[in-house]
Amino acid sequence: MAAFSATHCRSYSYSHSSSINGGQNQRFSFSSFSRLSVPAKAIRNSHQTVVLMQDGVVATKVTPVEKETPKEKLKDELLSVTSTKEWDEKAGFDSNENESTVSITVVGASGDLAKKKIFPALFALYYEDCLPKHFTIYGYARSKMTDAELRNMVSKTLTCRIDKRENCSEKMDQFLKRCFYHSGQYDSEENFAQLDKKLKRHEGGRVSNHLFYLSIPPNIFVEAVKCASSSASSGNGWTRVIVEKPFGRDSESSAVLTKSLKQYLTEDQIFRIDHYLGKELVENLSVLRFANLIFEPLWTRQYIRNVQIIFSEDFGTEGRGGYFDNYGIIRDIMQNHLLQILALFAMETPVSLDAEDIRNEKVKVLRSMRPLRLEDVVIGQYKSHSKGGVTYPSYTDDKTVPKDSLTPTFAAAALFIDNARWDGVPFLMKAGKALHNKGAEIRVQFRHVPGNLYNRNFGTDLDRATNELVIRVQPDEAIFLKINNKVPGLGMRLDRSNLNLHYAARYSKEIPDAYERLLLDAIEGERRLFIRSDELDAAWALFTPVLKELEEKKIIPESYPYGSRGPVSAHYLAARYNVRWGDLDIEQ
């Protein structure tokens, strides 16, 4: 298989095994940046010793054999004086079969996710030369659309991150020329077979690799996978499917979905995407902890008082109420995004950076967690609120939401990990819509200094005297450590100061979107940031009992005003474990 085109994103290395020299198995290893690709036909003759020259020329030492055919003689002569490309052209052989191509099909191409995230992420990868040399992108949906109409739709959402970047419009034109459209039903094997014929024409005899991104409602995942698997799988390369959340509504539905998908795909072919795992600061979690000696010894119950994982949005459902009402904030945010961050934060040191080693440690954390109790969960729902002459709607004012809906738009929970490292440390989560700000952060509050000599200099507020590590995931990415410091002067007055790593100030390079990283990982087969089936089972086992209890008992969510800090009960929940929410601090 030929390697991908040279890029500055990541390095790849591929190996090519061939049987030469009397059938002995030899392995040729070469970088994707090499400009030489040896045709399989060129090394099939067991009476030739093939030498790979640095300048891309193939030279051979020919051992005379009896009854050499005219065709073999011609090949030997050509090999001794020509490059591989010239050899293929003169001998009439197709070198395409020794190269690979990736065909990316966005299933549900006319939807918002595809338009706003997936196509822009693919273009960003193309702009940065991170996609393979040979690739094709197909949009697949039920809507009737031409290639030109798809390109026009996609072009409206493409950016170069920073306006007026070099050759931006030229790159856009080149990218759009590789985008095509096929209209079809999601449950039609015939329509997917027609798509496959189009893909083959673009692949041109190369080794084909197929990536399907399912940007469609979960109730049609299985039918789409069945049709893609049976009618549009790669015949000589890999086939992978990216599945968007939600992965079921509870343990039972998730297990059914996984079992159904595995009728047509192996676990290695299924890439369950959680875009939060692709965010730069989440990716940096393991680096911060395992590549810095000062943090690992502190990452225990002896030094950490509590950990807070906070997610807030300053807008409501805004027309998406129909989808949201079926899931609620716990399923939509906490069970996946926040729990994944918790697992990465709390896991033990993995054996290596291999995907399975990391995912094994995450599963151990999830299985060590205490099942959630109803008394450790607070739910809320935003109500209408007027501020500055503007009236903001309540959740049930959304026309797609039932007037008597009890679906929570806010939730807070206290979770515990019953293992030697974290025994007794509360992990507090909260997530909500229509709150006072937009952001996501991890806050690590350390214990008080034993016998602290300077307590009186802080008055009675001991919370202000503790150190705190804050990892701001979004927006305005940053890592800062709050320390106690003496205010300059003749007196002894202390305040809190930040040791601040502000990404925008430290790094001139813009931060890639999470979808860019995850799409590139899926193309490369890197599974580290994708969710394994047993990991998914463990996550649902933690939340399913309390979700069922909330629904069976019809617990009424506490109302909170649009644009506020959420329900008052969330503060009582934190206080029960001697915790104050860190995002209430005026020193942001």
Within region 260-273, residues open to solvent by 40 Å² or more (accessible area, probe 1.4 Å) and of a type in the set (Val, Ile, Thr) come out as THR266
Please go through region 274-323 and pick out each residue that is farther than 15 Å from GLN445 by Cα, in contact with a Gly (Cβ under 8 Å, 6 or more places away or on another chain) and open to solvent by less than 60 Å² (accessible area, probe 1.4 Å). PHE311, SER312, GLU313
Only one of these is assigned by the TED database to the domain that holds HIS337, touching a Leu at 6+ places or on another chain (Cβ under 7 Å) and surrounded by 19 or more Cβ atoms within 10 Å (Cβ to Cβ): ALA539, ALA522. Name it. ALA539
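Taking ILE341 as the residue in question, decide whether it is touching a Leu at 6+ places or on another chain (Cβ under 6 Å) and among the hydrophobic types (A, V, I, L, M, F, W, C).
no
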Selection from region 462-507 of residues that are under 19 Å from GLU283 (Cβ atoms), small (Gly, Ala, Ser) and open to solvent by 40 Å² or more (accessible area, probe 1.4 Å): ALA504
Do you know which residues across region 331-349 are open to solvent by less than 20 Å² (accessible area, probe 1.4 Å) and within 20 Å of SER286 (Cβ to Cβ)? ASN336, HIS337, LEU338, LEU339, GLN340, ILE341, LEU342, ALA343, PHE345, ALA346, MET347
Selection within region 221-255 - more than 22 Å from the chain's Cα centre (by Cα) and outside any helix (DSSP H, G or I): ALA232, SER233, SER234, GLY235, ASN236, GLY237
Does SER230 satisfy the criteria of being surrounded by fewer than 18 Cβ atoms within 10 Å (Cβ to Cβ) and among the hydroxyl-bearing types (Ser, Thr, Tyr)? yes
Out of (1) open to solvent by 10 Å² or more (accessible area, probe 1.4 Å); (2) within 30 Å of the chain's Cα centre (by Cα), the odd one out for SER564 is which? (2)
Given the structure, is ASN236 over 18 Å from LYS262 (Cβ atoms) and free of Cβ contacts under 8 Å to residues at least 60 places away in the same chain? yes
Identify, by number, the condition in (1) basic (Lys, Arg); (2) out of contact with any strand residue (DSSP E or B) (no Cβ under 6 Å at 6 or more places or on another chain); (3) modelled with pLDDT of 90 or more; (4) outside the structural domain of PRO350 (by the TED database) that ARG301 doesn't meet. (4)
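Table: residues versus (1) part of a loop (DSSP other than H, G, I, E, B); (2) open to solvent by 60 Å² or more (accessible area, probe 1.4 Å); (3) under 28 Å from LYS553 (Cα atoms).
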residue	(1), (2), (3)
THR396	no, no, yes
ALA411	no, no, yes
ALA420	yes, yes, no
GLY424	yes, no, no
ALA440	no, no, no
What residue, among those in region 366-394 that are over 21 Å from ASP332 (Cα atoms) and open to solvent by less than 60 Å² (accessible area, probe 1.4 Å), is modelled with the highest pLDDT? SER368
Could you grab the pairs with beta carbons closer than 7 Å, sequence gap of 6+ or different chains, first residue in region 279-292 and of a type in the set (Ser, Thr, Tyr), second one open to solvent by less than 60 Å² (accessible area, probe 1.4 Å)? SER286/LEU344
Which of the helices (runs of 4 or more DSSP H) found entirely inside region 113-210 contain at least 1 residues meeting this: among the β-branched types (Val, Ile, Thr) and open to solvent by less than 70 Å² (accessible area, probe 1.4 Å)? 147-155
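The values are calculated or read from the model by the stated rules, or taken from the named source; none is laboratory data. Please read all numbers here as calculations on a predicted model, not as lab measurements. Don't worry about glycine lacking a Cβ; one is built from the backbone with ideal geometry, like all the others, and counts go over all protein chains shown. Areas reflect the complete protein model, heavy atoms only, side chains present, ligands, DNA and RNA absent. Shrake-Rupley method; radii C 1.70, N 1.55, O 1.52, S 1.80 Å.
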